[in-house]
Every structure is written in structure tokens, then in C-alpha cells.
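Asks: Structure incoming, see below.
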Amino acid sequence: MTSTSAVADVRAWLRQCGTESIEHPGGTLYAHLCRVQERLADLGYGLTVQSAGLTHAAYGTDGFDLALLDWKDRATLRALVGEAAEKLVYRYGACDRRRSWRGLATTGEVVNRFTGHVIRFDADQLTPFIDLTVVNELDVIAQDPALLDKYGEYLSTLFRSWTPAMSASLVAEVRRIFDH
């Protein structure tokens, strides 16, 4: 299966889940998920991280509570996007932002909001997780500029603390957006 057909299959599944009718900044959840996947592709990520970006809200998130799947039903998403992509999606959805984001680049850990347990990232897992998170948040604020006024200072401080673990091209984009 080519990456193009794999992405098409995931997009078809998302449409079946009704994401084209779920409101989200910038239109629909489907449009948001597609923009996140496309931005991750632009950053040079392969199919695994792109698929995670496309399905990052499958289990809901700490900032978007609506879930397409119950987090206990991980096999469904795993069969669709593969084990590595599903693992990233699970960790993204499970992340308790208040208890995890501030020290993330230093600790390499997130508190799982579903179970209360700590999830530790391997060195090669942290950057894709941070990049997915940053791309997601940047897309949301790009679609609703009032959110930049409301959360810009917080996100600027947070993202700067993550730069040691963020991809270089995304660091440059964060600086461009927040150094105005």
C-alpha cells in the first residue's frame, strides 16, 4: 500500500466517523486533522507520524473532549494506522496537559489522563510528539487569531521551553510567529 492510498483510507475512515460535521476552529474537525497531517508531511515526517497527525483526536484530547473511539478500543485504530502511529495517537490523547506540558522537554514524560500513570518517551519518540502538539496548536490559532491574543504568551513560553526537543524547522516557525 502506498502512503497516498494509506492516507486516503484513513481520511475515508474519518469521514465515516462524521468528522466533516464536527465543528472545530477553521471549519470542521476533518479539515483540521487534514491540515495537521499535511503540515507534518511538509516537515518531512513519514507515514507513521502523518497518520498519527491525521487521527490525533481519535481518543479525544485534554483540549478537545469528543472522542471518535473509546481509548480502550486501541485495536481498531492500530489496524488502520499501524502500531507506532496508534501509540503516538494514544499518548497524545492521554496527555494530561496541565500536569505534563510544562516540563515535557526536560522530563520526557506525560501523565496519562485516562489512567493516572506516567508515560515515558524514548528519545526518538519525544520530538514527533512535541512536533505534533505544536503543529496542532499552531493550526488552531491560525484558524482563530483571537486565540493567539488569548493564549499567545503562554504558548510562546511553552514552545520555547520545548525547543531542545522540537524539530529545527518548527523552532524557526515558532520564532517567526511569536517574535512579532
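Quick grid of which residues meet (1) buried (at least 19 other Cβ atoms within 10 Å of the Cβ); (2) modelled with pLDDT of 95 or more; (3) not aromatic (F, W, Y):
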site	(1), (2), (3)
R11	no, yes, yes
L14	yes, yes, yes
C17	no, yes, yes
S21	no, yes, yes
G26	no, no, yes
Y30	yes, yes, no
R35	yes, yes, yes
L40	yes, yes, yes
V49	yes, yes, yes
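Asks: Go through segment 157-166 and give me each residue that's touching a residue at least 24 places away in the same chain (Cβ under 8 Å) and assigned to a helix (DSSP H, G or I).
Replies: The answer is L158, F159, S161, W162, T163, P164, A165.
Asks: Spot the failing condition for D65; the list is (1) part of a loop (DSSP other than H, G, I, E, B); (2) modelled with pLDDT of 95 or more, and only one is missed.
Replies: Result: D65 fails condition (2) only.
Asks: Of the conditions (1) at pLDDT 95 or above; (2) under 25 Å from L54 (Cβ atoms); (3) in a helix (DSSP H, G or I), S169 satisfies every one except a single condition; which number is it?
Replies: The number of the failed condition is (1).
Asks: Identify, from the list A41, A57, A105, the residue that is touching a helix residue (DSSP H, G or I) at 6+ places or on another chain (Cβ under 7 Å), closer than 27 Å to T157 by Cα, hydrophobic (A, V, I, L, M, F, W, C) and without any contact (Cβ under 8 Å) to a residue 12 or more places away in the chain.
Replies: A41 is the lone residue from the list that is touching a helix residue (DSSP H, G or I) at 6+ places or on another chain (Cβ under 7 Å), closer than 27 Å to T157 by Cα, hydrophobic (A, V, I, L, M, F, W, C) and without any contact (Cβ under 8 Å) to a residue 12 or more places away in the chain.
Asks: Which of the residues belonging to segment 1-30 are assigned to a loop (DSSP other than H, G, I, E, B) and either among the β-branched types (V, I, T) or touching a strand residue (DSSP E or B) at 6+ places or on another chain (Cβ under 8 Å) (or both)?
Replies: Selection gives T2, I22.
The values are calculated or read from the model by the stated rules, or taken from the named source; none is laboratory data. Since this is a predicted model, take the numbers as computed values, not measurements. Positions of Cβ are generated from backbone atoms using ideal geometry, with glycine treated the same way; all protein chains shown enter the neighbour counts.
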